[in-house]
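This report concerns only the one structure given below.
The values are calculated or read from the model by the stated rules, or taken from the named source; none is laboratory data. None of the values given here were measured: they were computed from a predicted structure. When we count neighbours, we look across all protein chains shown, and the Cβ atoms used for this are built from the backbone with ideal geometry, even at glycine. Side chains included, ligands, DNA and RNA excluded: accessible areas come from the protein's heavy atoms. Shrake-Rupley method; radii C 1.70, N 1.55, O 1.52, S 1.80 Å.
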Amino acid sequence: MRRIGILTSGGDAPGMNAAIRATVRYALSSGMEVYGIECGYDGMLKGNIFPMDTRSVSDTIQKGGTILKTARCPEFKEKEYRQKAYDVLQAFGIEGLVVIGGDGSFRGMKDLNDDFGVPCVGIPGTIDNDLAYTDFTLGFDTAVNTVLGAVNNIRDTMTAHNRACIIEVMGRKCGDIAVYAGLAGGAEIILVPEIPSDIDKVCKIIRQDKIKGKNSVIIILAEGVCSCNALKEEILNRMSDISIRTVKLGYIQRGGAPSMSDRVLAARCAVRAVELLKNGDCGGRVVGIKDNKIIDMDIAEALAIPRSFDKDLYNIATILGK
Ligand code: ADP
Ligand code: F6P
């Protein structure tokens with residue numbers, strides 16, 4: 001393959017720039033040309049496409065966000081728009097694509113491959129870690145570390161005041177950020193969408209923790225369960241004598257310098273993606289990591305795998321938080 005395009009799509013994630021950099025430099029070193037597509041599928045439709053060289057990705061490995069920008073493009077779900085996008089790719093001579101994004105972005109990529117046979121490889125980029133075929137997605141490790149920094153600071157002040165605090169974290173319908181941050185941050189309670197929440201039990205733990213002499217209670221709440229304010233109200237309806245605060249961490253979880261793990265994962269995934277495209281018509285594939293080995297898989301197969309929740313990790317976190 002002579003010329004490939006690269007785009008980032010959906011929510012940005014730390015490590016996307018490291019993946020862009022690695023894709024560009026590895027492809028160039030393999031004798032291919034790389035064109036950057038700005039703002040995901042929206043930029044593809046509009047022809048916001050430019051050639052990239054090794055200097056285009058200088059000084060980016062440590063940066064959060066995405067130098068290619070990202071966007072949500074609902075039109076791409078319709079074939080008529082994908083036809084337009086395909087025509088644009090043809091006009092630019094782009095023969096294959098690297099798509100860095102999550103589940104939705106991969107569905108777009110699959111459709112483009114199904115409709116027009118464009119060889120595409122997906123690199124998993126989302127802080128949510130909600131793609132079943134891979135153990136980890138780019139940005140997850142960094143986001144969890146950001147949450148941990150916040151938990152540490154919040155713990156200090158909650159302890160000083162003998163308070164409980166509900167910390168709401170991102171993840172859409174996935175509880176992984178909550179579980180990993182809860183385990184690593186020593187949270188007393190972790191609430192995730194994968195496990196039904198029992199507010200009476202939450203209140204009981206808060207009471208018992210007080211009796212046991214704990215002077216702060218950290219509750220990590222995944223956004224897929226409910227909002228931190230709704231949970232606070234539910235708790236106060238049952239026990240009005242406690243001091244409880246809420247923090248919604250929000251977008252600080254999505255920004256910031258990628259961790260070592262995310263940068264290394266980005267490089268390893270990008271190299272596999274370029275190798276797949278270099279070897280010709282690879283169809284529609286995704287790359288990821290399983291048991292610390294880089295894997296690739298057919299996109300339809302990967303998207304059909306049901307997401308499993310690591311109940312053991314959740315149980316360990318719950319036991320250790322007592
Ligand atoms: P993520 O990739 O992080 O899951 P989204 O779900 O917002 O983010 O999807 C990103 C973009 O991917 C959408 O704006 C749209 O352009 C494209 N997309 C999402 N779902 C589909 C689909 N079913 N078919 C085609 N394109 C899709
Ligand atoms: O998918 C990443 C994510 O940050 C989710 O955790 C969150 O629910 C969502 O994106 C927020 O999206 P938006 O940028 O549209 O507010």
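Three principal axis extents of segment 84-206 based on alpha-carbon atoms, in descending order, are 64, 28, 23 Å. Per-residue ellipticity at 222 nm, computed for the chain from helices alone with -39500 (n - 2.57) per DSSP H run of at least four residues, works out to -13500 deg cm²/dmol.
Legend: residue pairs K110/K173; K173/K311; K201/K232; K77/K110; K201/K322, Cα-Cα distance threshold 18 Å; pairs beyond threshold, K110/K173. Remark: the R238-F50 segment gains 61.8 nm on full extension, using 0.36 nm per residue and subtracting the alpha carbon distance. DSSP finds beta bridges in the chain, and of those with both partners inside it, around 25 percent are antiparallel. Measuring nothing but how far apart in sequence close Cα pairs (under 8 Å, 6+ apart) lie, relative to its length, segment 14-54 scores a relative contact order of 38 percent. Within the assembled protein chains, the solvent-accessible surface assigned to F309 is about 50 Å², based on a 1.4 Å probe. For the pair segment 246-263 / segment 13-92, the C-alpha centres are spaced 23 Å from each other.
Over the chain, the ratio between the Cα radius of gyration and 2.2 N^0.38 Å evaluates to 1.10. Accessible surface calculations at 1.4 Å, restricted to protein heavy atoms, place segment 72-225 at 39 Å² per residue.
Placing dummy labels 7 Å off each Cα toward the beta-carbon, the span from N215 to D156 is 1.5 nm. Applying 0.36 nm per residue to the separation of T60 and L148 and subtracting their alpha-carbon distance, the gain on full extension is 29.3 nm. Entry note: segment 220-322 has Rg to Rh equal to 1.13, where both radii use alpha-carbon atoms and Rh is the Kirkwood radius. Nonpolar atom fraction for segment 19-157, defined as the carbon and sulfur part of the 1.4 Å probe accessible area, stands at 48 percent. Taking θ as phi - 60° and the Karplus parameters 6.51, -1.76 and 1.60, the scalar couplings of segment 207-214 work out to 4, 4, 4, 4, 4, 6, x, 6 Hz in sequence order, x denoting glycine and proline.
Out of all Cα-Cα pairs in segment 142-254, roughly what percent, to the nearest whole number, are more than 16 Å apart? Of the Cα pairs, 54 percent sit more than 16 Å apart. Listed by chain and number, the aspartates and glutamates placed with their C-alpha closer than 15 angstrom to that of K69 are D12, E38, D42; residues fewer than eight positions away on the same chain are left out.
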